[in-house]
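The values are calculated or read from the model by the stated rules, or taken from the named source; none is laboratory data. Just so it is clear, the model here is predicted, and its values are computed rather than measured. FYI the Cβ positions are ideal-geometry reconstructions off the backbone, even for glycines, and counts take in every protein chain you see.
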Amino acid sequence: MNLFSLTDLESLSDANAADPAYDSARQHARNQLAWLHERIYGEIRARRWDIHFRPEWSLTWARRSEAQPRVSALRLRYTKAEYVLHLLQKQFGGPPLTWDDCAWLGIGLDGQGLVVEWNIPANAKFDAQNFHNKLTWGAPEKRTLRQILAELGGEGALTLYAQAQPILQVRCARLVDLNVLNTTLEKFTPGRHTWNIAMRLAVTDARLTPNGAPDELLYRLAQLYALHQFAAWSPRNNFLDRARGESTSGAVT
């Protein structure tokens with residue numbers, strides 16, 4: 001038996017996302033994500049990854065409510081440490097930041113299956129602008145990104161969203177091509193679009209047994225963590241106050 005089932009997917013489908021009869025099934029799936037977190041978070045900390053679990057935010061709610069009448073997806077998310085969020089706020093000011101204003105890594109479940117993803121929400125304007133500035137700083141940064149994308153193989157896919165609606169979808173394997181990457185980046189506006197790179201697995205995948213799933217999903221998180229580390233703002237990865245390099249005017253190379 002696998003960690004997640006087709007019944008879990010059914011409870012998150014468009015047809016059943018608002019049906020109270022599926023609340024228990026959705027709660028069961030959330031409990032499985034919590035179980036998975038307990039198996040992988042110790043290794044995340046041992047590897048000194050700069051992502052953290054927030055008890056009040058990292059596990060999305062499974063129960064419907066007046067504020068959330070439909071539950072079509074469940075997520076286990078990891079994001080910045082609180083002290084990094086405070087440093088970002090202190091350095092650049094603006095309205096108070098929350099965890100929803102940060103890029104995150106996660107494992108999710110929806111009506112299509114299991115997904116491991118790296119997400120820069122539209123309201124994560126600092127991380128998005130840091131990512132954009134780094135890519136326009138010079139050719140070495142662009143080459144590093146293309147190498148990371150190449151290591152995802154054929155499984156990763158980028159989707160750009162505008163107000164929760166997909167406006168562009170492209171396989172990461174195609175983004176290794178410089179022309180495709182430049183064209184895609186021209187369509188990405190930090191602070192307006194959500195940038196999501198995801199790797200999908202069927203819940204029936206033989207690797208997703210309780211014994212195998214923690215290692216399999218941690219491996220995929222590790223692949224996406226390289227993207228997160230490359231892009232997300234931190235005191236050691238600060239491109240927010242840098243101007244475009246003179247050699248990179250026009251299209252990014």
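A single entry from ALA157, ALA128, ALA150, ALA122 fulfils the requirement of being in a strand (DSSP E or B) and either surrounded by 15 or more Cβ atoms within 10 Å (Cβ to Cβ) or at pLDDT 90 or above (or both): ALA157. Looking at this structure, is SER65 in a helix (DSSP H, G or I) and more than 21 Å from the chain's Cα centre (by Cα)? It is false that SER65 is in a helix (DSSP H, G or I) and more than 21 Å from the chain's Cα centre (by Cα). Of the residues LEU181, LEU217, LEU168, only one is over 18 Å from LYS125 (Cα atoms) and within 14 Å of the chain's Cα centre (by Cα); which? Of LEU181, LEU217, LEU168, the one residue that is over 18 Å from LYS125 (Cα atoms) and within 14 Å of the chain's Cα centre (by Cα) is LEU217. The residue list LEU88, LEU145, LEU76 contains one member that is assigned to a strand (DSSP E or B), surrounded by 20 or more Cβ atoms within 10 Å (Cβ to Cβ) and at pLDDT 90 or above, which is LEU76.
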